[in-house]
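Take a look at the structure set out below.
The values are calculated or read from the model by the stated rules, or taken from the named source; none is laboratory data. The model shown is predicted, which means the values in this text are computed figures rather than measured ones. We place every Cβ from the backbone using ideal geometry, glycine too, and count neighbours over all the protein chains shown.
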Amino acid sequence: MKRMRKIEMLLLVFFVCNLTFAQEISIKDQAIEQFKKENYSQAISLMGKALVDNPNDAEIYYYLGFFNHYKAYDSRPLIGYDSIISQKILSYFDKALEINPNYGDAKYFYFTECSAAAFKEYQNNNLSKVKSYFEKAFKRGAIPEWAIELAENMLNSCDKNAILFTQGDFSLNICLFTQLHYNYRKDITIVPLTLLDRPSFVLTLTNNENSKIIRGLKTGLTQEQIMDMHPYKWDTLSISLNVPNSLLSKYSLSNEYKMDWVIEPDLTSNRMVSKIEGENSRKRTYLSPTRAMLLNIIETNKWERPIFFTNTFNLYFLAGLEKYFQNCGLVSRLTPLKTDNSRFLIDTISLEKIVFNTKLVKLKTIINNDQPRASGIVGLYGYSYYLLANYFSSIGKKDKISEILDKYKQNIMIGFDPDYENQYLNSIEKMKN
């Protein structure tokens with residue numbers, strides 16, 4: 001009996017010790033779980049407690065920076081979480097990088113935080129100050145060489161005087177940094193689509209159409225209309241856009257042709273309404289300011305400037321425009337016709353430029369300067385090779401596929417992501433057989 005009690009006591013002590021140990025090492029995980037539940041204040045508080053016991057843990061500093069960044073920019077407006085907190089956020093990432101200089105996620109968010117501060121200056125029309133924040137990230141080593149090379153290739157994939165819509169912090173930030181730092185392709189207007197719901201941003205974009213620092217574009221709206229942006233009552237509607245003769249000829253369209261763009265509402269509420277007597281009540285639907293501004297810019301542009309989109313978009317944001325895209329590899333060109341099942345679905349000249357005439361001399365640097373939250377963007381290269389090989393396969397030019405394979409092995413097979421690299425390699429090799 002005494003022996004059994006001793007065993008029970010030992011088991012109890014073992015359980016308590018392990019429970020205490022589990023609680024000590026899991027506080028970081030508790031913070032992460034609270035963040036997932038959007039309890040941001042509690043997540044930050046818990047992560048701060050974890051730091052007390054682990055002052056040299058780079059990951060804790062990273063999460064403190066990440067959580068505060070998210071709370072400042074991606075939650076509702078909160079007192080104390082305006083641009084003043086930016087330096088505090090950067091200090092967390094600085095500390096993480098001091099402990100672990102190769103911490104890719106910390107570099108990513110350092111760059112992202114600097115760009116957020118830069119866009120605050122942009123929205124305040126302080127264009128000359130925008131560059132300084134990007135330079136801060138560059139000096140910290142947060143902007144990798146492979147990303148700069150990718151940005152150059154993206155910008156070079158656009159026609160002269162283009163408007164380039166971007167989605168995702170990374171594609172926006174690397175393109176704008178490259179443009180500002182190197183005075184590279186300043187003819188292009190870079191537009192982050194998801195910021196088009198911010199009146200201050202749209203106003204600055206409109207007022208700087210001819211700026212030599214950061215080029216804006218025409219919106220055709222007055223300041224009053226811009227500052228009064230809001231969700232607009234909207235049902236699915238087809239908008240007809242006139243097409244100039246030059247494009248009618250280029251795309252072999254009839255003289256009477258118009259681009260009919262069907263735009264669906266992207267917001268809805270539980271409010272039941274009927275607009276006119278006798279109509280059945282239904283949920284009220286709206287056009288978001290983001291989608292309304294995209295429509296307005298394209299209407300106002302009247303095909304005067306070529307329009308491109310980075311190939312990083314979630315289809316939701318494109319409002320059906322993807323049906324009119326011509327894939328150029330890293331970006332897509334907006335055309336006036338639906339390109340599916342047409343010879344305009346891909347731009348073979350642009351793809352050949354990427355595959356045969358673009359030296360990816362910096363791509364290998366991704367191995368030692370990986371930013372896991374963003375590095376997947378280099379997959380655009382492999383997909384470009386695949387698209388071009390698929391085209392040549394469709395017209396029976398097997399010799400061209402062999403050339404693509406040689407270039408693929410030379411440029412893309414760098415050992416960074418073997419599964420991804422081999423996936424496209426195997427697909428292209430099958431086309432050759």
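Side notes on the structure shown:
- Test set (1) crowded, with 19+ Cβ neighbours inside 10 Å; (2) of a type in the set (Phe, Trp, Tyr); (3) over 19 Å from Gly220 (Cβ atoms) - Tyr316 fails condition number: (1)
- In region 166-205, residue farthest from Lys302 (Cα to Cα) [restricted to those that are touching a Pro at 6+ places or on another chain (Cβ under 8 Å) and surrounded by 22 or more Cβ atoms within 10 Å (Cβ to Cβ)]: Leu172
- Residues of region 264-286 that are surrounded by 17 or more Cβ atoms within 10 Å (Cβ to Cβ) and closer than 30 Å to Leu248 by Cα: Pro265 alone.
- In the set (1) more than 26 Å from Thr335 (Cα to Cα); (2) over 20 Å from the mean Cα position of the chain (by Cα), Lys131 fails one condition alone, (2).
- Evaluated against (1) touching an Asp or Glu at 6+ places or on another chain (Cβ under 7 Å); (2) over 21 Å from Leu196 (Cα atoms), Arg333 falls short on exactly one condition, (2).
- Residue check, Phe344 hydrophobic (A, V, I, L, M, F, W, C) and outside the structural domain of Asn390 (by TED's automatic domain parsing): yes
- Looking only at region 36-82, and only at residues there that are among the acidic types (Asp, Glu) and exposed (fewer than 15 other Cβ atoms within 10 Å of the Cβ), the one that is modelled with the lowest pLDDT: Asp82
- Of all residues in region 164-199, those that are touching a residue at least 60 places away in the same chain (Cβ under 8 Å) and of a type in the set (Val, Ile, Thr) total 4.
- Residues in region 181-194 that are under 18 Å from Ala118 (Cα atoms), at pLDDT 95 or above and within 19 Å of the chain's Cα centre (by Cα): Thr189, Ile190, Val191, Pro192, Leu193.
- Pairs are defined by a Cβ separation below 6 Å, a sequence spacing of at least 6 or placement on different chains, a first member in region 120-146 that is of a type in the set (Lys, Arg), and a second member that is surrounded by fewer than 18 Cβ atoms within 10 Å (Cβ to Cβ); the pairs so defined are Lys120/Ser83.
- When Asn161 is tested against (1) buried (at least 16 other Cβ atoms within 10 Å of the Cβ); (2) touching a residue at least 60 places away in the same chain (Cβ under 8 Å); (3) closer than 20 Å to Leu334 by Cα, just one condition goes unmet, and that condition is (1).
- Residue within region 360-378 that is over 24 Å from the mean Cα position of the chain (by Cα) and not charged (D, E, K, R) present: no
- Answer residue from region 344-371, given it is basic (Lys, Arg) and either under 13 Å from Asn411 (Cβ atoms) or part of a strand (DSSP E or B) (or both) and is modelled with the lowest pLDDT among those: Lys359
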